[in-house]
Amino acid sequence: MSSTAAAGAIDHHHDSTTVTGIPNKKLLMWAFLASDCMFFGCLISTHLIYRLHPPPGTPNARDVFSIELTSFSTFILLMSSLMMALAVNSIQKGNLKSLRWSLLTTIFFGLIFLGCQVYEFRNFVFEKHLTITNSILGTTFFTLTGTHGLHVLIGVIWLTAMLIYSFTGRLTEKDAIDVESMGLYWHFVDIVWIVIFTAVYLLEYL
Amino acid sequence: MEALAKSDFLAKGETAAKPLVLWRPTAKTGLLSWLTTVDHKKIGFLYGISGLFFFIFGGFEALLIRIQLAVPNNSFLTSAQYSEMFTMHGTTMIFLVVMPMGAAFFNFIMPLQIGARDVAFPRLNAFSFWTFAVGAVILNLGWFMKDGAPDAGWFGYAPLTTRHFSPTHAIDMWVMGLQLLGVASIAAALNFIVTIINMRAPGMTMMRLPVFTWMTLFTSFLIVLSFPAITIALVEIMMDRLFGTNFFEVSNGGLPILWQHLFWIFGHPEVYILILPAMGIISEILPTFSRKPLFGYPIVVFSGASIGFLGFGVWSHHMFTTGMGTTATAAFALMTMAIAVPTGVKIFNWIGTLWNGHLTMRTPMIFAIGFLWMFMIGGLSGVMHSAAPSDAEQHGSYFIVAHFHYVLIGGSLFALFAGIHYWFPLMFGRKVSEFWGKTSFWFVFVGFNVTFFPMHFLGMEGMPRRTFTYDGDMGWNVGNMTATIGAFILAIGVAIYFLTMIYTFFKGEKTSKDPWDARTLEWSLPNPPPEYNFKVIPTVHARDGWWYEKRHTEEIQKEQAEHAKEDEAHGGIHMPYQSIYPFLASVGILIGALGVAVIDPASTTQDPGFWGPKVAVTILGGLIMFVSVVLWALEGNDGYHIHLNEDGSIKSEDHHAGH
């Protein structure tokens with residue numbers, strides 16, 4: 001009931017205005033992520049199917065990949081999830097200062113990941129001669145990891161907007177659900193990367 | 001407990017009064033009110049009008065096809081024009097007619113059935129419609145260009161759609177159009193899912209939901225989970241066409257069969273996206289006009305769920321002739337047989353509803369019974385295809401054309417027509433003439449059967465689909481001529497239907513509230529419903545909520561008076577502000593999509609460089625969209641409160657409430 005919300009601190013785990021108690025924004029994000037699962041599922045399947053039928057002359061993935069760099073950027077992305085979780089925790093406690101530092105670190109880690117990907121793409125195209133058009137490996141690899149990179153980029157822009165609004169007073173404790181929904185998205189993009197890292201990179205080293 | 005209306009107003013009351021720095025459109029009439037509306041009823045109306053408009057468009061294409069096939073060796077259309085016709089007829093009827101008409105009912109009826117004042121995200125809802133409109137425009141742009149309309153079939157099989165075989169922009173427009181329709185459908189479906197789960201009135205438990213609302217929920221889940229597959233397929237073909245990637249380039253290791261798999265992983269659930277709303281409408285109409293509750297409500301609901309679930313496991317029955325191997329073929333054959341079971345269960349439940357009922361044969365009921373019968377024929381010819389050897393015989397023949405028209409016209413369209421008749425009094429406060437309604441039904445019914453029944457025989461005699469003409473000595477002359485005559489009878493029926501509707505909209509007899517003596521909550525509203533829907537959010541006591549209310553008037557009146565007082569104490573009825581940004585975002589998408597699909601790169605040389613007009617327009621569109629979305633977020637989901645008089649008219653509006 002509204003009266004209880006007025007009396008005490010904001011209850012971040014129960015929304016009195018919805019039937020289930022789950023905030024609408026959170027439910028929307030979960031349903032969207034289900035959709036996104038199918039989206040990445042189809043892309044990853046495409047890669048895995050085409051991987052089995054390389055025509056003669058397809059570059060060997062193991063000669064192209066640099067697993068050290070990708071392992072590093074994977075680690076960084078996972079750590080960004082930790083910082084994202086801390087950001088959600090901070091805003092739920094109304095600690096804006098801590099929120100800003102956590103968001104900033106998350107953005108920073110996201111940017112490192114994107115930087116690694118840009119470096120990787122340039123390296124593959126100019127040094128290893130793997131392009132999006134010259135082989136089926138290039139086609140599926142760049143499309144899949146590029147789409148994931150786009151998701152990270154959207155996340156970084158979204159986080160940056162939140163960081164800015166945390167200074168203008170638009171993002172306060174009562175908007176914790178916005179940060180939490182964003183967090184769901186960010187964690188999902190990380191989990192997808194774990195699958196991609198396994199299915200695209202590690203699989204080549206078996 | 002409470003739905004949107006009783007927001008946590010008290011908690012935020014003090015900190016409210018946030019200045020409105022952004023423009024808030026407030027027009028209630030005129031063009032601007034339609035462009036900025038967030039009212040689910042107005043958006044539903046827009047979907048319905050668009051669907052009916054494209055229905056005339058797609059029907060016209062169908063008539064041209066039938067004229068061409070009326071006699072052997074006809075030269076009414078060229079083979080190229082014929083390909084455009086059947087491609088656009090299929091694409092239009094599926095994506096621009098049946099889906100938006102379904103969406104029209106989802107929007108208009110579903111929130112009323114669950115006792116809500118709007119959907120969960122009103123502005124996202126507007127965005128869904130405008131993006132749908134943009135997709136429809138892109139899809140049909142080819143008619144007005146020298147490139148021509150898309151001509152690779154509604155399934156767009158690669159490699160026919162690759163640049164090598166379809167070098168013009170026609171396919172780019174098809175790809176981009178479908179892509180946007182997918183975005184629109186997913187956005188709308190997410191909204192409906194959240195609305196149904198989170199915004200039900202007190203007492204409206206899941207197992208009290210009207211069946212139409214259940215089917216809306218299942219359809220939404222199907223959309224959310226199946227559209228990503230075609231999104232990826234379209235992304236891949238677009239990458240092939242724009243950037244020269246190898247997804248469907250056989251010489252570089254691409255596998256065109258992948259297109260078929262991705263397309264049908266979407267395509268088969270899509271079939272259920274088209275039929276489940278129809279089943280929902282039928283499940284509302286039959287009980288109302290049988291004056292009985294729906295027979296076996298939980299079974300109908302669960303069979304709807306299992307149809308949706310199994311619908312994801314049968315896609316390869318569209319591909320039996322591609323040589324998948326015996327194991328896959330057997331598995332998909334079995335799954336296809338299995339999915340006929342819940343469908344059959346529903347048919348028996350509907351028959352059970354009619355059984356021993358006091359049937360009143362009004363126009364909606366006539367269409368609904370027509371649906372039962374025709375859909376069953378379509379279902380029976382459909383389940384025949386689950387036997388792979390039999391399917392191999394019928395694949396690509398007119399038998400298939402007959403089958404899916406029985407499901408889509410005799411099924412979906414009959415139900416949508418029934419739904420329009422059924423809810424017309426609620427939507428517009430006027431009643432359709434029984435005489436003209438029934439006349440249109442008989443023309444449609446006879447015309448439909450005369451058109452499509454002979455196609456079963458044509459198919460069995462080997463007449464192939466998608467072929468623009470045939471020789472006179474194949475034995476197909478009579479069947480084709482009959483079908484063409486039938487098509488014109490059907491067209492006359494549809495014309496009567498539409499003229500009747502237009503007449504009724506302007507001049508029809510006014511009706512009182514709840515003219516059918518119906519069972520579900522939307523009929524508790526005055527017609528047409530006020531913008532705030534419910535004066536007091538209803539409390540639901542039984543499965544057929546309105547039926548119960550009508551029989552417990554005293555109890556309900558007392559309860560509503562109490563709740564009205566509480567509402568007023570909480571600050572009145574909360575209404576969302578209108579917004580122009582969803583529309584602007586869709587305009588940005590339109591410009592960006594024109595850049596991707598229509599505009600030529602600067603020069604025709606091999607390497608035109610990056611910064612041609614194509615990229616510039618695409619980025620411009622993207623920027624407009626981005627800015628609109630940012631402003632959309634910035635203006636916030638604020639609203640105002642309204643206070644009502646006893647008779648339901650608006651006493652005052654309160655714009656200082658914040659939130």
Set B:142, B:177, B:153, B:135: member being away from chain A (no Cβ under 14 Å) and surrounded by fewer than 22 Cβ atoms within 10 Å (Cβ to Cβ): B:153
Some residue of the stretch B:53-63 being over 19 Å from residue B:447 (Cβ atoms) and in a helix (DSSP H, G or I): yes
Matching entry among A:46, A:70 (being away from every other protein chain (no Cβ under 14 Å) and surrounded by 15 or more Cβ atoms within 10 Å (Cβ to Cβ)): A:70
Of all residues in the stretch A:176-206 being among the charged types (D, E, K, R) and within 21 Å of the chain's Cα centre (by Cα), the one that is farthest from the other protein chains (Cβ to nearest Cβ): A:190
Counted residues, the stretch B:528-541 - those being more than 18 Å from residue B:573 (Cα to Cα) and more than 24 Å from the chain's Cα centre (by Cα): 2
Residue list for the stretch B:495-535, filter: among the aromatic types (Phe, Trp, Tyr) and either out of contact with any Ser or Thr (no Cβ under 7 Å at 6 or more places or on another chain) or closer than 29 Å to residue B:577 by Cβ (or both): B:498, B:503, B:505, B:506, B:523, B:532, B:534
Within the stretch B:472-523, tally of residues that are modelled with pLDDT under 95, of a type in the set (Gly, Ala, Ser) and over 22 Å from residue B:424 (Cβ atoms): 2
The stretch A:49-64, subset touching a Lys or Arg at 6+ places or on another chain (Cβ under 9 Å) and surrounded by 15 or more Cβ atoms within 10 Å (Cβ to Cβ), residue farthest from residue B:253 (Cα to Cα): A:64
Top-ranked residue of the stretch B:135-189 - restricted to ones that are among the β-branched types (Val, Ile, Thr) and outside any loop (DSSP other than H, G, I, E, B), ranked as nearest to the chain's Cα centre (by Cα): B:186
Residue count, the stretch A:146-158 (criterion: of a type in the set (Gly, Ala, Ser) and away from chain B (no Cβ under 11 Å)): 2
Residue match in the stretch B:454-462 (condition: over 20 Å from residue B:59 (Cβ atoms), crowded, with 20+ Cβ neighbours inside 10 Å and within 25 Å of the chain's Cα centre (by Cα)): no
Residue among B:214, B:259 that alone is within 12 Å of chain A (Cβ to nearest Cβ) and in a helix (DSSP H, G or I): B:259
Residue count for the stretch A:122-146, restricted to those that are polar (S, T, N, Q), surrounded by fewer than 20 Cβ atoms within 10 Å (Cβ to Cβ) and in contact with a helix residue (DSSP H, G or I) (Cβ under 6 Å, 6 or more places away or on another chain): 1
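Only one of B:588, B:571 is away from chain A (no Cβ under 14 Å), crowded, with 19+ Cβ neighbours inside 10 Å and in contact (Cβ under 8 Å) with a residue 12 or more places away in the chain; which?
B:588
When you go through B:228, B:202, B:210, B:159 one by one, which is the residue that is touching a residue at least 60 places away in the same chain (Cβ under 8 Å) and crowded, with 23+ Cβ neighbours inside 10 Å?
Values: B:228 fails: touching a residue at least 60 places away in the same chain (Cβ under 8 Å); B:202 fails: crowded, with 23+ Cβ neighbours inside 10 Å; B:159 fails: crowded, with 23+ Cβ neighbours inside 10 Å.
Of the residues listed, the single one that is touching a residue at least 60 places away in the same chain (Cβ under 8 Å) and crowded, with 23+ Cβ neighbours inside 10 Å is B:210.
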Count - residues of the stretch A:159-174 that are in contact (Cβ under 8 Å) with a residue 12 or more places away in the chain, assigned to a helix (DSSP H, G or I) and facing chain B (nearest Cβ under 10 Å): 1
Test result for residue A:63, more than 13 Å from chain B (Cβ to nearest Cβ), in contact (Cβ under 8 Å) with a residue 40 or more places away in the chain and assigned to a helix (DSSP H, G or I): yes
Residues of the stretch B:392-448 satisfying the condition of being in contact with a His (Cβ under 9 Å, 6 or more places away or on another chain) and either of a type in the set (Lys, Arg) or in a loop (DSSP other than H, G, I, E, B) (or both): B:395, B:432
Residues that are without any contact (Cβ under 8 Å) to a residue 12 or more places away in the chain and at the interface with another protein chain (Cβ under 8 Å from one of its Cβ atoms), drawn from the stretch A:18-31: A:18, A:19, A:20, A:22, A:24, A:27, A:31
Residue B:220 vs. criteria at the interface with chain A (Cβ under 9 Å from one of its Cβ atoms), surrounded by 23 or more Cβ atoms within 10 Å (Cβ to Cβ), among the polar types (S, T, N, Q) and assigned to a helix (DSSP H, G or I): yes
Answer residue from the stretch B:282-300, given it is crowded, with 23+ Cβ neighbours inside 10 Å and hydrophobic (A, V, I, L, M, F, W, C) and is farthest from residue B:210 (Cα to Cα) among those: B:289
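Residue check: is residue B:480 buried (at least 16 other Cβ atoms within 10 Å of the Cβ) and at positive phi?
no
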Which listed residue, of B:279, B:337, B:319, is surrounded by 18 or more Cβ atoms within 10 Å (Cβ to Cβ) and either closer than 16 Å to residue B:543 by Cβ or over 22 Å from the mean Cα position of the chain (by Cα) (or both): B:319
Pick from the stretch B:231-250, criterion within 8 Å of another protein chain (Cβ to nearest Cβ) and not in a loop (DSSP other than H, G, I, E, B), ranking: surrounded by the most Cβ atoms within 10 Å (Cβ to Cβ): B:233
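Conditions (1) at negative phi; (2) free of Cβ contacts under 8 Å to residues at least 40 places away in the same chain; (3) in a helix (DSSP H, G or I), marked per residue:
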residue: A:82; (1), (2), (3): yes, yes, yes
residue: A:94; (1), (2), (3): no, no, no
residue: A:116; (1), (2), (3): yes, no, yes
residue: A:134; (1), (2), (3): yes, yes, no
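The values are calculated or read from the model by the stated rules, or taken from the named source; none is laboratory data. Predicted model, so just to flag it, every value in this text is computed and none were measured. Positions of Cβ are generated from backbone atoms using ideal geometry, with glycine treated the same way; all protein chains shown enter the neighbour counts.
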